[in-house]
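Okay, structure first, notes after.
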Amino acid sequence: MKAILVSLFLLGSAPDSPAPVIPPEALAAPPVADESPTAWSCTVDTLRAGKECVFEADLSAGAPSDSQDASNKKLLQDVGRALCSEAVGNIREGRPDATLTALCERRYITAVDQCGLDGTSFVVDSKGRFAPAARACYRALANVLQEVQFMATVASPCCECAARANCPGTADRCYAEVAQQATAPQTQACLSDRCAAACAVVLPGAASRPSPTVQQRTRSSSPGSASL
């Protein structure tokens, strides 16, 4: 077949030559498919970058297998630490946030529970492409990374300051509530008072309020300074 294709190419480059005679068996030969991953294939790289993709892997389903189910989950758990670290670090220009990274890893592991596929097939083929049956798995992992990237953008500086200032509702709770602008009144008051600059994105009113001057603080702490 290869020799026939080379002959056709050489003959085609000579316009004065008569048209070649193609053997009937050449026309009946099955097409040769290029099964290498395309740029649109759903892979760990597209998951990392948050790109739209296509599930191209051709994996036949078989009987359920507990060992294959566990292997599928472990495969994606192994890359979870790197994906979470990158999701946080890329937004923060390389600056780590151990609390948010740990939060990401826990959510990622929970999402991986959807990736076993009951052991009926590989979750990723030999070329690194996600199986079509892994759509829900891929979507769950992508959602975790997107949520963590959002938290790294709007909540990370604020929650780091909140932890240093000993505000209530820190750690995981802070990231979830600040990202959703659903902080408790006591926490919000502390953030506004002690972390106005760091929390300006999620507490716009905090940055616009000027800090009290030394004289104002002195008057407020003096006996009989209460306003009438």
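Overview of results
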{"quantity": "Pairwise label distance in nanometres, S85 with Q186, each label 7 Å out on the Cα-Cβ vector", "calculated": "3.7 nm"}
{"quantity": "Among T99, T170, A142 the positive-end extreme of the charge dipole of the stretch 93-195 (Cβ point charges)", "calculated": "A142"}
{"quantity": "Order of exposure, largest accessible area first, which applies to D78, D172 with probe 1.4 Å", "calculated": "D78, D172"}
{"quantity": "Approximate spin-label separation S60-R139, in nm, with each point projected 7 Å along Cα-to-Cβ", "calculated": "2.8 nm"}
{"quantity": "Estimated FRET transfer efficiency (A197, T153; beta-carbon r; R0 22 Å; 0.05)", "calculated": "0.85"}
{"quantity": "Solvent-accessible area of Y175 with every protein chain in place, 1.4 Å probe, in Å² to the nearest 10", "calculated": "10 Å²"}
{"quantity": "Extension gain (nm, one decimal) between D172 and A102, 0.36 nm per residue minus Cα-Cα", "calculated": "24.3 nm"}
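The values are calculated or read from the model by the stated rules, or taken from the named source; none is laboratory data. Not measured: the values here are computed from a predicted model. Cβ sites come from the backbone with ideal geometry, for glycine too, and all protein chains shown count toward neighbours. Calculation scope for accessible area: heavy atoms of the full protein, side chains included, ligands and nucleic acids excluded. Shrake-Rupley method; radii C 1.70, N 1.55, O 1.52, S 1.80 Å.
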